[in-house]
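Trainee: Supplied in structure tokens, the structure appears directly below.
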Amino acid sequence: MNLGEMGRYLTTMKKSSLLVLLLFFVAAINVRGQESSASSEPLLTLDGVPNEGFGAGLMVGDPFGVSLKYWLNETWAIDGGLGYSWRGRDGFHIHSDVLYHFFDLIDIDKGRLPLYFGVGARVHFERHSDDHVGIRGPVGVAYLFEDKPVDVFLEVAPVLDFTPDTKFRFTAAAGARYWFR
């Protein structure tokens with residue numbers, strides 16, 4: 001493979017990776033749209049703690065960057081992250097997941113503390129190497145404040161990259177988001 005062919009291959013790979021993430025977002029939003037049209041009731045809140053709308057904030061760890069989340073209904077959400085991955089393979093990291101929240105496992109006096117798990121896609125654009133595309137399975141906990149439009153979270157996500165080679169990795173991050181309603 002000559003240098004020109006390699007460049008075209010890498011460009012195609014980046015476009016394919018971004019297309020996979022875009023399709024994932026569109027599919028999740030389409031599911032939310034179908035649920036909304038089936039029911040005209042607003043999204044639920046649990047014990048006065050909103051779990052609806054769109055949240056944006058920061059995450060620290062691997063990756064370090066921006067965290068986004070959108071509630072599909074009272075227990076399902078999609079999230080996404082854009083950031084810099086620094087651990088051993090510097091580069092830009094993008095992920096998106098569908099998450100299910102267990103609100104009744106941990107009972108607290110104020111706010112809500114759901115455990116969650118999910119599945120999603122991840123693309124890692126390395127600086128001096130091949131880009132990686134894989135699936136991830138985040139597991140985490142989030143604290144939703146009762147009287148503030150803010151949540152904080154901690155999650156770990158095993159990642160199985162399947163291109164350019166198959167490799168198992170872990171990512172972990174903590175963060176906070178502000179909720180827009």
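Trainee: Please label the shape of the range 131-181 as rounded, prolate or oblate, based on the square roots a ≥ b ≥ c of the eigenvalues of the alpha-carbon gyration tensor (a/c under 1.5 means rounded; beyond that, a/b larger than b/c means prolate, else oblate).
Mentor: It comes out prolate by the Cα gyration axes.
Trainee: Arranged from highest to lowest average of other beta-carbon atoms within 10 Å per residue, in what order do the peptides 139-152, 106-119 appear?
Mentor: The peptides rank, most packed first, as 139-152, 106-119.
Trainee: Taking θ = phi - 60°, what integer Hz values does the Karplus form 6.51 cos²θ - 1.76 cosθ + 1.60 yield along the range 135-141, in sequence order, with x for Gly and Pro?
Mentor: 10, 9, x, x, 9, x, 9
Trainee: On to the next question. Of H132, F117, P158, which is farthest on the positive side of the dipole of the range 102-175, counting Cα position, with +1 on Lys and Arg Cβ, -1 on Asp and Glu Cβ, and the Cα centre as origin?
Mentor: H132
Trainee: Now for a different question. Step through the residues of the range 79-84 one at a time and calculate ³J(HN,Hα) from phi using the Karplus curve (6.51 cos²θ - 1.76 cosθ + 1.60, θ = phi - 60°), rounding each to whole Hz and writing x for Gly and Pro.
Mentor: Values per residue, Gly and Pro as x: 10, x, x, 10, x, 9 Hz.
Trainee: Then there's this: Pop out the carbon and sulfur fraction of the accessible area of the range 98-181 as a percent, whole number, probe 1.4 Å.
Mentor: Here carbon and sulfur together make up 64 percent of the probe-accessible area.
The values are calculated or read from the model by the stated rules, or taken from the named source; none is laboratory data. This structure is a prediction, so every number in the text was calculated from the model and none was measured. Don't worry about glycine lacking a Cβ; one is built from the backbone with ideal geometry, like all the others, and counts go over all protein chains shown. Ligands, DNA and RNA are stripped out before the accessible areas are found, and what is left, the full protein with its side chains, is counted by its heavy atoms. Shrake-Rupley method; radii C 1.70, N 1.55, O 1.52, S 1.80 Å.
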